[in-house]
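The values are calculated or read from the model by the stated rules, or taken from the named source; none is laboratory data. The shown structure was predicted, so the numbers you read here are calculated from the model rather than taken from an experiment. FYI the Cβ positions are ideal-geometry reconstructions off the backbone, even for glycines, and counts take in every protein chain you see.
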Amino acid sequence: MLYDLLLKGGTLIDPAQKLHAVLDVAFADGKVAAVGADLSADQARQTLDVAGYVVAPGLIDLHVHVYWGVSHFGVEPDPTCLARGVTTAVDAGSAGADTFPGFRKFIIDVSDTRILAQLNISSQGMLTQEIGEFEIPEYADVGKACRMIEQHRDLILGVKVRLTRNSIVSERSGMLPLHRAREAADAAGLPIMVHPQDAWCDSLDDVLAVMKQGDILTHCFHGMKCGILDEAGQVRPAVHEAVERGVLFDVGHGAGSFSWEVAETALSAGLAPHTISSDLHVYNLHGPVYDLINVASKFLHLGMDLDTALAKVTAVPAQVIGMPNEIGTIAVGAWGDAVVLDVRQGQFQLADSGGEVRTGQQQLEPLVVVKGGRIYRQC
């Protein structure tokens with residue numbers, strides 16, 4: 001047998017290869033082995049007829065919280081990410097330098113989901129809901145962060161910082177965590193990921209002024225203070241300038257960080273997110289996020305075509321992670337990660353983080369999840 005698994009007759013959408021066609025996909029030894037118009041089922045140990053459905057690369061979520069059992073935000077990665085089509089997930093700062101070794105040993109290394117991470121510049125990470133990780137400035141420890149990055153270069157993609165005043169950052173810490181994150185990231189040669197809402201500053205301009213090419217502004221469509229819109233409700237000039245110099249804008253939907261109105265204003269001004277992510281955690285798992293594919297469906301409602309939406313959860317985040325030929329694509333030789341999607345037509349209730357509900361006409365639903373060339377879940 002040439003193949004371990006053959007997905008036959010589906011519509012392959014692989015934005016990384018600019019493919020949108022009815023093609024078979026075969027897997028062997030954990031990798032994509034062949035892509036073609038009529039691959040032989042006789043050469044496969046297992047064949048699935050997926051005609052009428054979309055076959056896409058395994059999804060990549062650039063913003064989740066999966067340090068279950070330690071961070072108050074944490075959800076278990078395999079049932080909430082992998083089972084719903086996310087074969088690669090990036091934890092966005094649940095762990096800091098003091099807590100990352102446990103995250104690796106007890107979550108990352110034993111999960112079927114491929115997990116990478118942004119290291120929180122707070123050494124404790126995101127432990128408790130009652131006390132923010134920057135209650136005191138000393139938690140923003142550059143030296144500890146740099147040492148932990150050097151020990152886990154294979155997993156740590158950058159440095160995360162959350163800036164919301166009072167609930168996360170005390171007045172005493174102010175904007176210091178942002179500058180400490182910048183210092184640590186520069187020393188390590190990595191980007192920063194910034195959660196900007198309601199920071200201790202005059203506007204988002206002050207945050208963007210610290211950000212460079214390759215840095216990620218997550219929660220880009222939140223409706224709170226320190227957002228992308230100015231007092232007149234228009235996209236701030238500093239936002240367009242940041243895009244021009246290579247700052248990446250990521251959705252990070254979350255429980256309180258996605259507004260239909262802000263997203264519509266941004267899209268109408270030509271500001272589309274580079275990546276679509278969920279910010280999945282225990283407080284939004286049962287709504288309004290549910291999973292990454294539900295967030296992607298909201299962008300179909302906003303007028304984004306299916307190929308573009310899928311690119312923002314596959315090919316583009318693969319580039320951001322630095323693994324463009326390994327994940328986020330169904331190119332021959334890439335890791336054998338794929339998801340079979342049903343593009344359902346009907347009327348679907350889609351809520352933003354403020355509870356505003358829109359009625360969408362399309363909803364994406366994962367039917368089969370393939371990880372490492374083998375079926376992980378099939379419904």
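Things to note:
- Residues within the range 72-98 that are under 21 Å from Gly252 (Cβ atoms) and touching a Leu at 6+ places or on another chain (Cβ under 8 Å), tallied: 16
- Qualifying residues in the range 35-63 (those that are farther than 30 Å from Met193 by Cα and β-branched (Val, Ile, Thr)) - the one surrounded by the most Cβ atoms within 10 Å (Cβ to Cβ): Val55
- The residues on offer are Ala92, Ala181, Ala117, and the sole one that is farther than 30 Å from Ser297 by Cβ, aliphatic (A, V, I, L, M), modelled with pLDDT of 95 or more and surrounded by 24 or more Cβ atoms within 10 Å (Cβ to Cβ) is Ala181.
- Filtered residues of the range 232-266 (kept if under 19 Å from Leu302 (Cβ atoms) and either among the hydroxyl-bearing types (Ser, Thr, Tyr) or surrounded by fewer than 17 Cβ atoms within 10 Å (Cβ to Cβ) (or both)): Gly233, Gln234, Ser257, Ser259, Glu261, Glu264, Thr265
- Matching residues, the range 201-222, being outside any helix (DSSP H, G or I) and surrounded by 21 or more Cβ atoms within 10 Å (Cβ to Cβ): Met211, Asp215, Ile216, Leu217, Thr218, His219, Cys220, Phe221, His222
- Inside the range 85-129, residues that are within 16 Å of the chain's Cα centre (by Cα) and among the basic types (Lys, Arg) make up a count of 1.
- Odd one out for Asp38, checked against (1) at pLDDT below 95; (2) of a type outside the set (A, V, I, L, M, F, W, C); (3) under 25 Å from Gly322 (Cα atoms): (3)
- Selection status of His20, part of a strand (DSSP E or B), at pLDDT 95 or above, not assigned by TED's automatic domain parsing to the domain that holds Arg104 and not hydrophobic (A, V, I, L, M, F, W, C): yes
- Restricted to the range 245-356, the set of helices (runs of 4 or more DSSP H) holding at least 3 residues that are over 19 Å from Leu116 (Cβ atoms) comprises 260-268, 292-301, 306-311.
- Residue check for Thr329: among the polar types (S, T, N, Q) and farther than 26 Å from Phe221 by Cβ: yes
- Selection within the range 161-175 - in contact with a helix residue (DSSP H, G or I) (Cβ under 7 Å, 6 or more places away or on another chain) and buried (at least 16 other Cβ atoms within 10 Å of the Cβ): Val161, Leu163, Val169, Ser173
- The residue that is surrounded by the most Cβ atoms within 10 Å (Cβ to Cβ), among those in the range 299-324 that are more than 18 Å from Asp14 (Cβ to Cβ) and under 15 Å from the mean Cα position of the chain (by Cα), is Phe299.
- Members of the range 325-370 that are loosely packed, with under 14 Cβ neighbours inside 10 Å and without any contact (Cβ under 8 Å) to a residue 12 or more places away in the chain: Asn325, Gln349, Val357
- Complete set of residues in the range 16-31 that are farther than 12 Å from Gln46 by Cα and surrounded by fewer than 23 Cβ atoms within 10 Å (Cβ to Cβ): Ala16, Gln17, Lys18, Leu19, His20, Ala21, Val22, Leu23, Asp29, Gly30, Lys31
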